[in-house]
Amino acid sequence: MAATEESSPFAGLSNLGKIPELRKRLLFTLGMLIVYRIGAHVPTPGIDPNALAAFFAQQQGTLLGMFNMFSGGALSRLTVFALGIMPYISASIIFQLMTAVFPKLEAIKKEGQSGQQKITQYTRYATVVLAVFQGFGMSYGLESMQAGGMNVVVDPGWSFRLMTVLTLTAGTAFIMWVGEQITARGIGNGISLIIYSGIVANLPIALANTLQLARTGDLQPLFVLLLMVMVIGVTAFIIFMERAQRRITIQYARRQVSGRRMVGGENSHLPLKVNTAGVIPPIFASSIILFPVTIANFAPWESVKTFASYLSPGQIPYMVVYALAIVFFCFFYTAIVFNPEETADNLRKYGGFVPGIRPGRRTSEFLDGILTRLTLVGAIYVAAVCLLPEILIANYNVPFYFGGTSMLIVVSVTMDTASQIQSFLISRQYEGLMKKAKIRSRRR
C-alpha cells in the first residue's frame, strides 16, 4: 500500500481563468448550485415554521438529523428540496446491487454506452417512485408531530398530503436534473457537488457558534485552537488515505498482428484503492442503525425508547455497532464494485498477466487476497474517521459535527473536482500543442 506518486490534484489550478471553455463550465456549475441553494429556502405550503424548527431541534443524532445534513438544512425547513438527492442515491445503490444479482441487468450494463443509458433511465424512474413514497410518509408523519404545544401542520388532511407529495417529488426530480446538467455541462460530478454544497453551507454557522462559545468562556480558547489543528490534521490524513492505492504490475505479451509488426510487450499497472467503497459504508451503516432509533422516538412504550437510547449517538453500544457495520459494508460494497474473477478474465483476453502469477484462477486469487487486505485497512480508516465526532461530542462537548461522513464527502468531492479540472487543463494544453504542430507542418 502506498500513496500515488501522481502530481497533486490541485496542481495547475492557477490557470483556471485562461481557458474560456473551462471558465464557462465553472460559472455554469456555480450558477446551478446557487439555484439549488435558493430552492433549499422555498418552503412547502401548510407548515408552521416555528413548530417545525422546534421539532428538528430535538432530532439531532437521528435518521432525520442525518438526512437534514445531506439536504443542507432543507429538511428542517421543509422546503421544496426537503427530500434532497437521497432518493436518487438510494435508487442508484439499489440498481448497483440488482446489477450484481440479476443477470439481465448485468447484461444490459455490459452493452456499453447504450446499456448505461438504460440503467440511468431506470434509476430516474425509481427515484421518482421512491420520492413519492418518501413524500407521502413524510406528509403523514408531519401531521402527528408537535413541538412546544404547536402542531407542525396547520391544516392536516388529504389536500395537505397530496400537495406535499407533489411538491417534494417535483423538487427531487428538479435536483436530479440539476445534478445531471452539472455533470454534462459543468465540472465535476453533479450529484456529489449538490451534497457537498449542502454540507458546506452549514460550516460557517458551526464555526461561528464555536467562536461564540469560545468568546463567552464555554469553551477554552486553547481547546478551540487544538480543535482547529486537529481539523487540519484529519483533513490531511483523509486526503492521503483517499489517494493511497496498491499498484499491481501488469505485463502484456508481445504478439504479431500482420507480417513483422509486433504489438504489446509494454508494462502497465492495475491501481487498487485502499478505500474502494468510498462514503457508501458509513451512509448505509448510519441509515440502518438510526432507522429503528428514529421510529422508537415516536413509539408510546417507554421500554422501546429505553432500548433505543442505547443505540443513540454518543453511547458505547452505538459506537461498537456503528464501527462493525462500517467494516461489514466496506467489504460488502467492495465485493460488488470490483470482481477479481472478471478482472483476471479481461487481463487474459487482452494478453495481460501479473509477473510471477499464472493467468486465470491464480490471478483472481492473487487480486482477491490483496484487495481483502486493502479493504481491511480502508474499513478501519473509515470507521476511525466516522467515530471521531462521536467521541468528541460525547466526551468534550464539541458543538459541531466534526469529521465523519460529512468530512469524507467534502474532502473526496473536492479532490475529485480538482482532479477533473486538472485533467481538463491537460487535455486542452495537449490539443493546443497538436494544433501548433499541424500549423508548423503545413508551413513546411
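The values are calculated or read from the model by the stated rules, or taken from the named source; none is laboratory data. Just so it is clear, the structure is predicted and the values come from calculations on it, not from any experiment. Neighbour counts are summed over all protein chains in view; Cβ atoms, including those assigned to glycine, are modelled from backbone coordinates with ideal geometry.
Points worth noting:
- Scope segment 146-162; condition of a type in the set (A, V, I, L, M, F, W, C) and either at pLDDT below 80 or surrounded by 15 or more Cβ atoms within 10 Å (Cβ to Cβ) (or both); matching residues: Ala147, Met150, Val152, Val153, Val154, Phe160
- Restricting the first member to segment 163-189 and to residues that are surrounded by 20 or more Cβ atoms within 10 Å (Cβ to Cβ), and the second to residues that are charged (D, E, K, R), the beta-carbon pairs closer than 8 Å and six or more apart or on different chains are Met176/Arg124; Gly186/Arg25; Ile187/Arg25; Gly188/Asp416.
- Residue that is in contact with a strand residue (DSSP E or B) (Cβ under 8 Å, 6 or more places away or on another chain), at pLDDT 85 or above and in the same structural domain as Phe240 (by TED's automatic domain parsing), where the choices are Thr343, Thr372: Thr343
- Hits in segment 121-132 (condition: free of Cβ contacts under 8 Å to residues at least 40 places away in the same chain, of a type in the set (A, V, I, L, M) and buried (at least 16 other Cβ atoms within 10 Å of the Cβ)): Ala126, Val132
- Cβ-Cβ under 6 Å pairs, at least 6 apart or on other chains, segment 133-146 side assigned by TED's automatic domain parsing to the domain that holds Ala53, far side in a loop (DSSP other than H, G, I, E, B): Gln134/Leu83; Leu142/Val152; Glu143/Pro156; Met145/Val152
- Note on segment 68-145: enclosed helices (runs of 4 or more DSSP H) holding 1 or more residues that are modelled with pLDDT of 80 or more are 86-101, 103-109, 113-142.
- Scanning segment 318-374 for residues that are farther than 14 Å from Tyr252 by Cα, part of a loop (DSSP other than H, G, I, E, B) and over 30 Å from the mean Cα position of the chain (by Cα) gives a single hit, Gly360.
- Scanning segment 211-238 for residues that are in a helix (DSSP H, G or I) and over 26 Å from the mean Cα position of the chain (by Cα) returns Leu211, Gln212, Leu213, Ala214, Arg215, Thr216, Pro221, Leu222, Phe223, Val224, Leu225, Leu226.
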